[in-house]
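> Dropping the structure in here first, questions after.
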Amino acid sequence: MADPNSPAKSAETTPSSRPSKTEGTTSVADDAKEITSDVSQRAASHASEMKDKAVSYAESQKYSVAEEGHNVASALRKAADEMRSGSPQERTLGQIADGIADASDAIKNKDMSEIVGDLNGFARRNPTVFLGAAALLGFVAVRFAKASNDGSAQSGLSDFGATSSSTARDRSGTQTSSVTPGQTTSQGART
C-alpha cells in the first residue's frame with residue numbers, strides 16, 4: 001500500500017489544490033455584484049445627464065414663454081390705449097394685460113419645480129378651469145400650426161384642395177395643369 005503522505009500522490013486529489021464549490025460560487029457572486037454595481041452607476045450617470053439636459057431645456061423655454069407673455073401683454077396694452085378712455089373694453093384689456101404680465105414675471109422668477117407645483121395645485125383646486133384652459137391652448141396650438149403651414153399657400157391650394165387657378169406648382173416647383181372633368185384643355189381636348 002502506498003504511503004498517504006508520499007509525494008507520488010497526484011496534485012489533483014489533494015484537498016488544498018481543488019477549488020471548493022463555495023470559493024467558485026463566491027467568485028461568480030462577487031463578479032455579478034460588481035457588474036450590477038457598474039451598470040447601476042452608469043444608469044444613474046445617464047439619468048443624471050438626461051435630467052440636467054431636461055432642466056436646461058425647460059429653463060430656456062421658461063424664459064422664452066415669459067418673454068412671449070410680456071409681448072402679448074404689451075400688445076394688449078397698446079390695444080387698450082387705442083380704445084376710448086374709461087370704456088369697459090379698455091379696462092378689461094388693461095386687466096388682462098396686467099394679469100399676463102404678472103404671470104410672465106412669476107414664470108421668469110420661479111424655478112421649474114415651483115412652477116409645476118403651482119400648476120398642479122391650481123389644477124386640483126380648479127379642475128374645470130384647468131381643463132378648459134388646456135383645451136383652449138390645444139385649439140390655439142392647432143390654429144397656429146395650420147396658419148404656419150405654408151405648404152398649401154405655396155402650391156395654390158384652398159381649404160378643400162382645389163387649385164385657385166388652372167395652373168399651379170407642385171412641391172418640386174414644376175408647373176402643373178389642373179383640369180376638371182368636362183373642361184376643355186389648352187389643346188382643345190375635352191375631358
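The values are calculated or read from the model by the stated rules, or taken from the named source; none is laboratory data. Since we're looking at a predicted model, the values are computed, not measured. No Cβ is skipped: glycine too gets one built from the backbone with ideal geometry, and neighbour counts run over all protein chains shown. Just the protein is used for accessible areas: all its heavy atoms, side chains included, with ligands, DNA and RNA removed. Shrake-Rupley method; radii C 1.70, N 1.55, O 1.52, S 1.80 Å.
> In segment 49-91, what residues are surrounded by 11 or more Cβ atoms within 10 Å (Cβ to Cβ), assigned to a helix (DSSP H, G or I) and among the aliphatic types (A, V, I, L, M)?
A54, V55, A58, V65, A66, V72, A73, A75, L76, A79, A80 - these are the residues of segment 49-91 that are surrounded by 11 or more Cβ atoms within 10 Å (Cβ to Cβ), assigned to a helix (DSSP H, G or I) and among the aliphatic types (A, V, I, L, M).
> Let me ask something else about it. Which residues, taken from segment 12-51, are charged (D, E, K, R) and modelled with pLDDT under 85?
Residues of segment 12-51 charged (D, E, K, R): 12, 18, 21, 23, 30-31, 33-34, 38, 42, 49, 51.
Hits for segment 12-51 are E12, R18, K21, E23.
> With G117, G94, G138 as the choices, which residue is open to solvent by less than 80 Å² (accessible area, probe 1.4 Å) and touching a Lys or Arg at 6+ places or on another chain (Cβ under 8 Å)?
Working: G117 fails: touching a Lys or Arg at 6+ places or on another chain (Cβ under 8 Å); G138 fails: touching a Lys or Arg at 6+ places or on another chain (Cβ under 8 Å).
Exactly one of G117, G94, G138 is open to solvent by less than 80 Å² (accessible area, probe 1.4 Å) and touching a Lys or Arg at 6+ places or on another chain (Cβ under 8 Å), namely G94.
> Would you say A153 is at pLDDT below 85, assigned to a helix (DSSP H, G or I), over 25 Å from E59 (Cβ atoms) and open to solvent by less than 90 Å² (accessible area, probe 1.4 Å)? Steps first, please.
Values: at pLDDT below 85: yes; assigned to a helix (DSSP H, G or I): yes; over 25 Å from E59 (Cβ atoms): yes; open to solvent by less than 90 Å² (accessible area, probe 1.4 Å): yes.
Spelling it out, A153 is indeed at pLDDT below 85, assigned to a helix (DSSP H, G or I), over 25 Å from E59 (Cβ atoms) and open to solvent by less than 90 Å² (accessible area, probe 1.4 Å).
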